[in-house]
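In what follows, a single structure is set out as structure tokens and then discussed.
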Amino acid sequence: MKEIQLIFRFLLGGGWWTIWYGLFYLIVITGNFIFFNEIYDWTKKGQSGPAGGALFMSLVSMGGLPLLAFFCLHLLFAFFRSANSAVYLVIFGVIVCIALLVWMIAGAASIAEARYTAFVWYYIALFVFIFINLALLWISRQKSELGSVIPFLP
């Protein structure tokens, strides 16, 4: 029961952080899933066309850029409030930022070309990046270390 309570605290935040978590979920998840059914049908059929460029721009602007902006803000929060060393967080931040940029551009371009496997991996990676953002927020709130939330990190 305590684990479930911790998961809900992790997902919902608490205090003024609840507003911040809500803003994060609203912008990132809504931005990514606003055209989900159309994109799913399009990529499953393998159809591409003149709307591919518009789809690429909408995925980048409504999903990728907000996620990148939130990641930078959450990394700054964690940088000032966590128990980790600054060097460790900078290295982690650079690696994740590069991965986010690759996901944002290559993933959106592959979906615009109607590749179904890219569609699946795009949304799997999205949830990983959302988890990393929430982990950074949790670290900021608890003044803990990155390794305490993401188990494979030292």
Restricting attention to the alpha-carbon atoms of segment 82-153, what are Rg (one decimal) and Dmax (integer), both in Å? 14.4, 44
State the dimensionless ratio Rg/Rh of segment 18-79 (Rg: radius of gyration of Cα atoms; Rh: Kirkwood radius). 1.10
For the chain, just say rounded, prolate or oblate: build the C-alpha gyration tensor, square-root its eigenvalues into a ≥ b ≥ c, call rounded for a/c under 1.5, and beyond that prolate if a/b exceeds b/c, oblate if not. prolate
Extreme residue, positive dipole direction of segment 1-86, given options ILE7, ASN37, LEU23 (C-beta unit charges): ILE7
In debye to the nearest 20, how big a dipole does the chain give about its Cα centre with +1 on each Lys and Arg Cβ and -1 on each Asp and Glu Cβ? 280 debye
Just how far, in whole angstrom, is segment 81-142 from segment 1-76 if you go by their alpha carbon centroids? 11 Å
For the chain, with all protein chains present and a 1.4 Å probe, just round the carbon and sulfur fraction of the accessible area to a whole percent. 75 percent
Rounded to the nearest 0.05, what FRET efficiency is calculated for LEU11 and ALA125 with R0 set to 25 Å and r the Cβ-Cβ distance? 0.85
Dipole of the chain, positive end: most advanced residue of PHE70, MET104, LEU89 [Cβ charges, Cα centre]: LEU89
Loop-resident sites, segment 1-75, for chymotrypsin sites (Phe, Trp or Tyr not before Pro), counting at most 13 other Cβ within 10 Å (DSSP): TRP16
Give the accessible surface of segment 82-153 per residue, rounded to a whole number of Å², with probe radius 1.4 Å and ligands, DNA and RNA excluded. 47 Å²
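The values are calculated or read from the model by the stated rules, or taken from the named source; none is laboratory data. Remember, predicted model here, so these are calculated numbers, not experimental data. Cβ sites come from the backbone with ideal geometry, for glycine too, and all protein chains shown count toward neighbours. Areas reflect the complete protein model, heavy atoms only, side chains present, ligands, DNA and RNA absent. Shrake-Rupley method; radii C 1.70, N 1.55, O 1.52, S 1.80 Å.
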